[in-house]
1. Give the peptides 8-19, 167-178 in descending order of average Cβ contacts within 10 Å, highest first.
2. Give me the dipole magnitude in Debye, nearest 20, for segment 131-191 about the Cα centre, with unit charges on the beta carbon: positive for Lys and Arg, negative for Asp and Glu.
Amino acid sequence: MEPKESKQRNKKALASVVVLVAIVVLVIGATALANKKSGADTVALSGSGNSTEASGNSGATLGESTGADTESGTSTSGSSSSGTTSSGSTSSSSYKNGTYSATGSYNSPGGQESIAVSVTLKGDTVVDSTVESEADDPTAAQFQADFISGYKSLVVGKNINSIRLSRVSGSSLTSKGFNNALEQIKSQAQS
């Protein structure tokens, strides 16, 4: 009789493990879907080096983040902060007032892509910005459109030196193109 009871306990334990695994998978899937729908806009603090926001990491705390890059399928890590930038402003302006434009490029799984960025500066503060898609690949065009729909509130009103976008509306590679263009704009606007 003992072997039969032992088999029944093993079956119950296995069934419990299967149910727990199914629940974990459902929770992870629901969390990922909620993050994708919310866009989980983020900006990395300046001086953080090569940071990219981890896929699905929408926490509002500063810290190390590691995960999958949503556009390229590669893993990266770096410091990031959700929806905020550091001020780092100084009493004198480092940049000339005006509107500056540059094209930022980046590598995507479909090849080299670029975006056109325009920034209007007053002092060291971005007072306006526009971004135009220049994508050839349909997937890149969609990521760029998502980026364009969500980046502006993370840039306008901020000190240009504190802006370093990492993942905006699910787009992390387009953010690299924006950062590339912003570095060019900083060089153009130097006092």
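Where a number appears in this text, it was derived from the coordinates with a stated rule and is not lab data. Since this is a predicted model, take the numbers as computed values, not measurements. Every residue, glycine as well, gets a Cβ built from its backbone with ideal geometry; the counts of neighbours run over all protein chains shown.
1. Result, highest mean Cβ count within 10 Å first: 167-178, 8-19.
2. Result for segment 131-191 is approximately 420 debye, rounded to the nearest 20.
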